[in-house]
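In what follows, a single structure is set out as structure tokens and then discussed.
The values are calculated or read from the model by the stated rules, or taken from the named source; none is laboratory data. Being a predicted model, the structure only gives us computed values, none of them experimental. Note: ideal-geometry Cβ built from the backbone for every residue, glycine included; neighbour counts use all protein chains shown. Side chains included, ligands, DNA and RNA excluded: accessible areas come from the protein's heavy atoms. Shrake-Rupley method; radii C 1.70, N 1.55, O 1.52, S 1.80 Å.
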Number of protein chains: 2
Amino acid sequence: MRIGELAAEAGVSVRALRYYEEQGLLSSERSAGGQRRYPRDAVEWVRLIQRLYAAGLSSRTIVELMPCVVDGRASPELLDRLAAERDRIDERITDLTDTRHRLDSVITGATTNMLTGWSCQPEDGDEEGDRDGQAQEGRKQPQG
Amino acid sequence: MRIGELAAEAGVSVRALRYYEEQGLLSSERSAGGQRRYPRDAVEWVRLIQRLYAAGLSSRTIVELMPCVVDGRASPELLDRLAAERDRIDERITDLTDTRHRLDSVITGATTNMLTGWSCQPEDGDEEGDRDGQAQEGRKQPQG
DNA sequence: CTAGAACCTGACGTTGACGTCAGAGGCAAG
DNA sequence: CTTGCCTCTGACGTCAACGTCAGGTTCTAG
């Protein structure tokens, strides 16, 4: 398949694919005229690259881990790196989960406040009557 | 407390704190000479900012959601945005979890391969005898 | 054979969250 | 008052993962 088709099917831009190749993440055959040709399963591979990017890995890291992912071959060194990345992802997950819960409690708190009812009008900077000083926990740092 | 102390306790750089203020994320009193002074709980606030960054929120987004987080006050509009961000985080979490499992299976696969034993020498590009063509699933795209 | 869509290689532009440097000023100790 | 560390305000630099534009070539439908 050609680059445009691969881009469409994998959901990335043509530019991105050329960038991946430039970084050594993706290979291609060339037609007689010099155009890139990809096998079908390149789609899956590109999607995996995207996932790894989303997981916070850099191009360089992905390149280093590639032989392991592609062939299942790894030096002990590589295995350490892989495990390290996995652990990093774990950290991100727990962190995200925690943040998610914070956001959730903020949402429920604000919703409760809304339902308990006071006026919420945007586009109005100053209200002198700022009594009713409750806000569940401790308030933090507004703008100064 | 002064900016250096806050930076140290919150685990960020002084530059970052000034940047947060520039973005409207953080406020400060000023001393007579113009130096920034922060209350104790600014540490917690800065840490929260970091968490939100790590969760993929931009400065602008955080600024927009601030009144809700700080005061527990929100317009329905704001609540929608909050919920949207929470859902986005959920997506990231499931995505990360999936990626984590992929990495894990890659690790176990490679470990098995290692223990089943073939030589893994870096710094050696060509080995003709590349038989034993097993690698758990389908192999993807090596370099060309 | 020809039009036009898709592709090619550079090469510079963008964005966000800071890093870094310069030159000047504040602040606590001695 | 001086020393030395901390802080200030600009302002330019950085890095990754692309976006975008220019100028030229290849491929395919008719």
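Being over 29 Å from B:Ala84 (Cβ atoms), touching a Leu at 6+ places or on another chain (Cβ under 6 Å) and either facing chain B (nearest Cβ under 9 Å) or within 16 Å of DNA strand D (Cβ to nearest atom) (or both), is that true of even one residue in region A:66-79? Lay out the reasoning, then the answer.
In the first step, residues of region A:66-79 are kept if they are over 29 Å from B:Ala84 (Cβ atoms); the result is A:66-79.
Applying the additional criterion that residues be touching a Leu at 6+ places or on another chain (Cβ under 6 Å) yields A:68.
Next, from what is left, pick out any that are either facing chain B (nearest Cβ under 9 Å) or within 16 Å of DNA strand D (Cβ to nearest atom) (or both): A:68.
For region A:66-79, residues over 29 Å from B:Ala84 (Cβ atoms), touching a Leu at 6+ places or on another chain (Cβ under 6 Å) and either facing chain B (nearest Cβ under 9 Å) or within 16 Å of DNA strand D (Cβ to nearest atom) (or both): present.
A:Ser28 fails exactly one of the following numbered conditions: (1) small (Gly, Ala, Ser); (2) within 10 Å of chain B (Cβ to nearest Cβ); (3) away from DNA strand C (no atom under 12 Å from the Cβ). What is the number of that condition?
Status for A:Ser28: all satisfied but (3).
Residue check: is A:Leu57 part of a helix (DSSP H, G or I), more than 12 Å from DNA strand C (Cβ to nearest atom) and of a type outside the set (Phe, Trp, Tyr)?
Details: part of a helix (DSSP H, G or I): no; more than 12 Å from DNA strand C (Cβ to nearest atom): yes; of a type outside the set (Phe, Trp, Tyr): yes.
No.
Tell me which residues, restricted to region B:1-21, are open to solvent by 30 Å² or more (accessible area, probe 1.4 Å), more than 10 Å from DNA strand D (Cβ to nearest atom) and not small (Gly, Ala, Ser).
B:Glu9
Of the conditions (1) assigned to a helix (DSSP H, G or I); (2) within 16 Å of DNA strand D (Cβ to nearest atom); (3) over 18 Å from B:Asp104 (Cβ atoms), A:Gly24 satisfies every one except a single condition; which number is it?
It fails just one condition, (1).
So which residues in region B:80-106 are surrounded by 14 or more Cβ atoms within 10 Å (Cβ to Cβ), more than 7 Å from chain A (Cβ to nearest Cβ) and farther than 17 Å from A:Val69 by Cα, if there are any at all?
B:Arg81, B:Arg88
In region A:30-51, which residue that is near DNA strand D (Cβ under 9 Å from one of its atoms) and aliphatic (A, V, I, L, M) is surrounded by the fewest Cβ atoms within 10 Å (Cβ to Cβ)?
Checked region A:30-51; the qualifying residue surrounded by the fewest Cβ atoms within 10 Å (Cβ to Cβ) is A:Ala32.
Kindly indicate which of A:Val12, A:Val46 is under 22 Å from B:Ala110 (Cα atoms) and within 21 Å of the chain's Cα centre (by Cα).
Values: A:Val12 fails: under 22 Å from B:Ala110 (Cα atoms).
The unique qualifying residue is A:Val46.
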